[in-house]
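Please read the structure below before turning to the comments.
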Amino acid sequence: MKERTKDQIKRTIILTAVLMLLGFAVMLFCEWRGNLSDSLSACRQMIFLMPVFAVLAGMAHYHAGKELGIGEYIRQIFCGKSMPEGRKTYLDHARIFAAIMVILTHACAMQADVEAALWKTNLLRICTGIGLVCNPLYVMISGSLLLSDKKEESLGTFYFKRFVKVVLPMVVYYVIFLGVSGQISLIPPKNLEEGVRQILAGASGIVPHYWLIYTLISLYITAPFMRIMVKNLKDSHITVLFFLILTEECIAIWLPLTGVQIGFAMNLASWEGVFLLGYILTERRMKWMERFVLIFGGISAAVIGFIMVWDHSFKEYVCNTAPAMVLFAGAVLVALSGLDGKLNGKSPIVTQMLSKYSYSIILVHWYGLFVVTWGKIGIQPLRFGCIGGIALTVFTAFTVCLILGFAVENTIVRGVQYIVNSLRHIVAVIGHFS
């Protein structure tokens, strides 16, 4: 038993050392100033904190891999836990697709107004519009998973899990970016109160895309109660709800174009409606609903591209919660669910890895795209013939974000999650004895 414990400690030390070295190499590359001395100086805060996170990450990896062989645990680090029976694997492909679309839309949007050949400008605008399907798609995926979850758990357990898996990583990345941008300092402590206020206030200039994360977190708060509601709806109710959501979206988004104003609050025309549609289209859809979404979703994709070329100032009428974009996102989900059997055997390890780190990719992609891919590597959409530039930018940025996410997830985020999980365990033990 002692020998086994020694082996586990030894492998944990080696694994943690490798992960910390990877993190250090990534950090040094991202903050490279032309020479080693200036680069180390730019990274000094994180370097000072590295021993702390090395200890915390080591303890986290030790406890997580205690009952597993080294090969099995390393596979788990890369790909996550084994897929349970009945898992909707097409949602993993949907996550990966959404992550690619996030990078595509932001990369193309930044150069869509740059002076270039007309066909290049039009292509960038089309890609910007099509890529925005990521927003409703993420909300639908969340709705599908949370509202159809059949596990019985208390409200406290539900909220704690989402806090550890969703809120904590976001806060960690936010703090890192605040530190990198010089807005706060951890060593010595400086402007920490202002940093807390900024995190509570939501997305900011350094992480403008975090608005979606805050939206998802808000939806998670009401998800347990919405789940009870939808489980008790009959199929006829689901049909009415489906059309009611789309009708309210049409009224809220398109009616103002006619000059008519309406004083009623269209509650289902917001992200809550998209959240519910994710559940309906993956759990309760009927055959006619499937055909309806695929047909009108395909038409909507073409309309979105046309509007972006014709007059992209009308973007708000076809993006986010607009019926066109919502139907397009729904069509993606329905199409992927139809391919689920064929996709299961296609590179499952790669799919699991990309799906596992898709959230980290989203959290870090603004930095990975604009600071590293554009700034450090020098790859942009309008280079390499535009078509090649777009493809190369998206591929490079996605790869960069995957590496960044892997490094941060398995060091800093792991360490912070370990602290929070340990505190909860201590509180539970004290409560038990009390």
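Laid out as a table, the results:
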item	result
FRET efficiency, H425 to N232 (Cβ-Cβ, R0 35 Å, nearest 0.05)	0.50
Helix-derived mean residue ellipticity, 222 nm - over the chain, DSSP H n ≥ 4, -39500 (n - 2.57), to 500	-22500 deg cm²/dmol
Within the range 5-28, backbone nitrogen closer than 19 Å to the virtual label 7 Å beyond the Cα of H63 toward Cβ	5-6, 8-17
Extended-chain gain in nm, criterion 0.36 nm per residue less alpha-carbon gap, I299 and I70	77.4 nm
Distance in nm between pseudo-label sites at L255 and L200 (7 Å out along the Cβ direction from Cα)	3.7 nm
Count of Lys pairs (Cα-Cα under 24 Å; at least 8 positions apart or interchain) in the range 145-283	9
FRET efficiency for L186 and Y214, using Cβ-Cβ distance with R0 set to 22 Å, rounded to 0.05	0.40
For the chain: rounded, prolate or oblate by the Cα gyration tensor [a/c cutoff 1.5]	oblate
The range 287-434, Rg to Rh (Cα coordinates; Rh as Kirkwood inverse mean 1/r)	1.11
Overall form of the range 343-417 per C-alpha gyration tensor (a/c, 1.5; a/b vs b/c)	oblate
C-alpha center-to-center spacing [the range 97-167, the range 241-300] in angstrom	18 Å
Computed lengthening from I47 to T399, 0.36 nm per intervening residue step minus Cα-Cα distance	124.3 nm
Spatially proximal aspartates and glutamates relative to K88 (Cα-Cα < 20 Å; intrachain offsets below 8 disregarded)	D149, E152, E283, E290, D340
Extension gain (nm, one decimal) between I13 and T157, 0.36 nm per residue minus Cα-Cα	48.7 nm
Estimated dipole of the chain in Debye, rounded to 20 [Cβ of Lys and Arg +1, of Asp and Glu -1, Cα centre]	1120 debye
Three-way shape label, the range 257-373, alpha-carbon gyration tensor, a/c 1.5	oblate
Positive dipole terminus of the chain, leading residue within L147, L276, L68 (C-beta point charges)	L68
Loop trypsin sites (Lys or Arg not before Pro), the range 105-176, which have at most 16 other Cβ atoms in a 10 Å radius of their Cβ (DSSP)	K150, K151
Leading residue at positive end of dipole, the chain (Cβ point charges), from F24, L369, V394	F24
In nm, spacing of pseudo-spin labels at V350 and V166 (7 Å Cα→C-beta vector)	3.0 nm
Diffusion coefficient, µm² s⁻¹, Stokes-Einstein with Kirkwood Rh over alpha-carbon pairs of the range 31-141 at 20 °C and 1.002 mPa s	115 µm²/s
Exposed-loop-free span, longest in the chain, where GluC sites (Glu not before Pro) count as exposed if DSSP calls them loop and at most 12 other C-beta atoms lie within 10 Å	154-434
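Every number here is computed from the coordinates shown, using simple stated rules; none is lab data. Please read all numbers here as calculations on a predicted model, not as lab measurements. Cβ coordinates were reconstructed from backbone atoms using ideal geometry, including for glycine residues, and neighbour counts include every protein chain displayed.
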